[in-house]
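Inspection log for the structure reproduced underneath, given as structure tokens.
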Amino acid sequence: MTPDMTKTPTVTPFFDKRSNTISYVVREPDGPGCAVIDAVMDIDYAAGKLNFDGADAIIAHIEANKLRLDWIIETHVHADHLSGAPYIQEALGGKIGIGAKITEVQDTFGKVFNEGTEFQRDGSQFDALFEDNDTYSVGAMTCFAMHTPGHTPACMVHVMGDAAFVGDTLFMPDGGSARADFPGGDAGELYDSIMRVLALPDEMRLFICHDYGPGGRAIAWETTVAEEREKNIHIGGGKTREDFIKFRTERDAQLAMPSLIIPALQVNMRAGEIPRDTEGDMALKVPLGKL
Ligand SMILES: [Fe+2]
């Protein structure tokens with residue numbers, strides 16, 4: 001697919017301090033259509049309490065600007081925060097979409113969490129499953145999804161006019177790239193996916209999903225293809241695919257699991273719905289020794 005660089009959507013970021021996630025509202029250039037990317041539902045895991053302040057801020061922004069929510073997009077099944085997608089959908093409508101390879105993720109983690117047959121592994125919890133190069137509309141703006149596996153099998157980059165939402169394919173240039181050691185992850189595939197993103201037009205705006213402010217700099221979320229190609233600390237400088245795989249594999253071996261991975265996967269593989277126990281109450285499992 002060729003991006004339409006003549007369309008410049010308005011992108012409003014929402015930063016979640018607890019998980020260092022940046023969610024976005026993307027508004028078509030000449031109309032009320034909008035999409036939400038990677039919304040967060042906060043959890044106080046120690047207290048077993050959910051919090052919707054972040055999602056409420058997104059809803060308030062959409063209502064205040066009289067926008068129409070067409071899509072609620074997950075770039076992938078996140079392991080570090082819970083999705084706020086169904087909460088926002090209940091308030092404003094819109095369709096929840098994710099990459100079609102979600103079925104692989106559901107299969108893997110359905111086993112980890114010993115889910116029964118009531119947990120469907122066919123992606124049917126989502127309203128839409130995107131294949132590589134699938135197009136969809138936000139208002140009058142045609143958008144498309146690029147399959148970019150490596151961090152997870154279902155990762156997609158979403159291109160909307162001159163803006164691309166890269167999920168966890170790339171971080172800011174001084175943050176490098178995301179880990180590739182979760183089940184179904186693959187450092188070589190991640191490298192190939194990053195190369196696909198860097199083949200987009202130089203001036204394409206890239207919006208990333210996480211930032212940790214390396215070296216104490218202020219949180220940042222927007223860069224460009226040219227800037228990533230020139231300055232990303234994990235790519236370029238003559239590094240080969242083999243160099244990247246070696247570096248990524250050694251580094252990933254040092255990383256601890258994200259603190260919310262156990263609740264996040266159970267919720268996010270269900271499109272943000274919270275599982276219930278036999279009494280019908282919201283409840284999560286903590287399997288031991290399975291990750
Ligand atoms: Fe991620």
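Report the antiparallel proportion of the DSSP beta bridges in the chain as a percent, rounded to a multiple of 5.
Numbers: 34 of 49 bridges.
Percent antiparallel among DSSP bridges in the chain is about 70.
Using the crude model of +1 on Lys and Arg Cβ and -1 on Asp and Glu Cβ, and no other charge, please compute the dipole size for segment 5-145 relative to its Cα centre, in debye to 20. Mind dumping the intermediate values first?
Values: 11 positive and 22 negative charges, 63 e Å.
With Lys and Arg at +1 and Asp and Glu at -1, about 300 debye.
Suppose every Lys and Arg Cβ carries +1 and every Asp and Glu Cβ carries -1, with no other charges. What dipole size does the chain come out with about its Cα centre, to the nearest 20 debye? Present the calculation step by step, with values, prior to reporting the outcome.
Values: 26 positive and 45 negative charges, 81 e Å.
The dipole of the chain has a size of about 400 debye.
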* So what is log10(I(q)/I(0)) for segment 146-291 at q = 0.11, 0.12, 0.15, 0.16 1/Å, when the Debye sum runs over its Cα atoms only? -> -0.47, -0.56, -0.82, -0.91
* Paramagnetic reach from E230 in segment 172-193 [backbone N under 14 Å; point 7 Å along Cα→Cβ] -> 173-174
* Asked: Which of the peptides 82-92, 214-224, 179-189, 269-279 is most tightly packed, and how do the rest follow, going by the mean number of other Cβ atoms within 10 Å of each residue?
  -> 82-92, 179-189, 269-279, 214-224
* Structure fact -> With x for Gly and Pro, the residue-by-residue ³J(HN,Hα) of segment 231-244, computed from phi through the Karplus equation 6.51 cos²θ - 1.76 cosθ + 1.60 at θ = phi - 60° and given in whole Hz, is 10, 4, 6, 9, 10, x, x, x, 5, 8, 4, 5, 4, 5
* To do: Take the alpha carbon gyration tensor of segment 60-187, find the square roots of its eigenvalues, order them as a ≥ b ≥ c, and report rounded if a/c is under 1.5; if not, report prolate when a/b exceeds b/c, else oblate.
  => oblate
* Asked: When ranked by the protection proxy of mean other Cβ atoms within 10 Å per residue, highest first, what sequence do the peptides 139-146, 150-157, 198-205, 167-174 form?
  -> 150-157, 167-174, 139-146, 198-205
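Report the rotationally averaged projected area of segment 216-291 based on its alpha-carbon convex hull, in square nanometres. Intermediate values should be presented prior to the final figure.
Details: hull surface 35.2 nm².
Hull-based average projected area comes out at 8.8 nm².
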* Stretch T142-K17 to full length: gain in nm at 0.36 nm per residue minus the Cα-Cα span? -> 41.8 nm
* Hydrodynamic radius of segment 201-253 per Kirkwood, over alpha carbon pairs, in Å -> 12.8
* **Table column - 3J(HN,Hα) (Hz), segment 85-91, Karplus curve with 6.51, -1.76, 1.60, x for Gly and Pro** => 4, x, 5, 5, 4, 4, 6
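Using alpha carbon coordinates only, what is the Rg to Rh ratio of the chain, with Rh defined as the Kirkwood radius? Don't skip to the end; give the middle numbers.
Values: Rg = 18.1 Å, Rh = 19.2 Å.
That ratio is 0.94, to two decimals.
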* **Extension gain (nm, one decimal) between I219 and M1, 0.36 nm per residue minus Cα-Cα** => 75.3 nm
* Structure fact -> Evaluated at 20 °C and 1.002 mPa s, the Stokes-Einstein D of segment 1-116 based on the Kirkwood radius over Cα pairs, in µm²/s, stands at 139
* For the chain, what does -39500 (n - 2.57) per DSSP helix run (n ≥ 4), summed and divided by total residues, give at 222 nm, in deg cm²/dmol to the nearest 500? -> -7000 deg cm²/dmol
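Since every read-out is calculated from the coordinates, none of them should be taken as a lab result. What you see is a predicted model; the values in this text were computed from it and never measured. Methodologically, a virtual Cβ is constructed for each residue, glycine included, from the backbone with ideal geometry; neighbour enumeration extends over all protein chains shown.
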